[in-house]
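Structure first, commentary second.
The values are calculated or read from the model by the stated rules, or taken from the named source; none is laboratory data. Everything quoted here is computed from the prediction, not taken from an experiment. Every residue, glycine as well, gets a Cβ built from its backbone with ideal geometry; the counts of neighbours run over all protein chains shown.
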């Protein structure tokens with residue numbers, strides 16, 4: 001009888017060790033969601049995840065009367081915890097690779113638009129080779145600073161490398177084409193927001 005009580009006590013103790021997240025992970029995943037009777041009236045299902053951390057918990061599940069509405073519901077649920085949500089599955093179909101490719105392409109286009117806007121602000125004219133070269137200089141400088149910060153994360157020499165990169169950027173931009181305002185002397189600085197390097201010249 002004492003052994004029975006011991007077994008019951010241990011079982012209760014172990015079950016109490018699981019957090020609500022543990023219980024959710026162990027007891028409810030996307031496969032179960034697909035078969036959940038609560039969503040039987042919705043023929044379309046979707047799973048959304050973080051683009052940068054596709055295996056991170058929690059994912060977002062969604063159901064709807066169309067695939068687009070299921071995707072939207074899954075993304076909305078995922079966005080409660082992540083800012084970079086993409087669709088990983090549509091029903092049983094794995095679409096993560098395509099979603100990642102689309103995400104990265106959109107991110108690249110957005111980044112290039114940012115570079116172009118900065119160059120236009122400095123006075124480079126639209127649809128000119130100089131504008132394109134200016135945008136490329138911004139890209140190359142930000143990549144160089146990222147690499148410098150990575151290589152010098154444990155040393156004190158990183159600041160010097162970053163300053164040198166910014167000085168090269170400033171000189172390169174001046175040689176490409178002078179700003180619209182000939183009397184304006186611009187300087188470049190970089191800032192880090194959320195781990196992302198941004199170079200600004202004004």
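Quick grid of which residues meet (1) in contact with a helix residue (DSSP H, G or I) (Cβ under 9 Å, 6 or more places away or on another chain); (2) free of Cβ contacts under 8 Å to residues at least 12 places away in the same chain:
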site	(1), (2)
69	no, no
82	no, no
90	yes, no
98	no, yes
116	yes, no
122	yes, no
131	yes, no
149	yes, no
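Restricting the search to the stretch 61-85, which residues are surrounded by fewer than 11 Cβ atoms within 10 Å (Cβ to Cβ) and farther than 21 Å from residue 34 by Cβ?
Listed by number, the list holds a single entry, 83.
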Notebook entry, point to check: For the stretch 86-93, does any single residue satisfy the condition of being on the phi > 0 side of the Ramachandran plot and surrounded by fewer than 18 Cβ atoms within 10 Å (Cβ to Cβ)?
Noted result: yes
Next item on the list: Among the numbered conditions (1) at pLDDT 85 or above; (2) outside any loop (DSSP other than H, G, I, E, B), tell me where residue 169 comes up short.
Entry: (1)
Next item on the list: May I ask you to verify whether residue 125 is at pLDDT below 95, more than 16 Å from the chain's Cα centre (by Cα) and either surrounded by 17 or more Cβ atoms within 10 Å (Cβ to Cβ) or outside any helix (DSSP H, G or I) (or both)?
Entry: yes
Next item on the list: Hey, could you check the stretch 32-90 for residues that are over 18 Å from the mean Cα position of the chain (by Cα) and part of a loop (DSSP other than H, G, I, E, B) and say which is nearest to residue 103 (Cα to Cα)?
Entry: 66
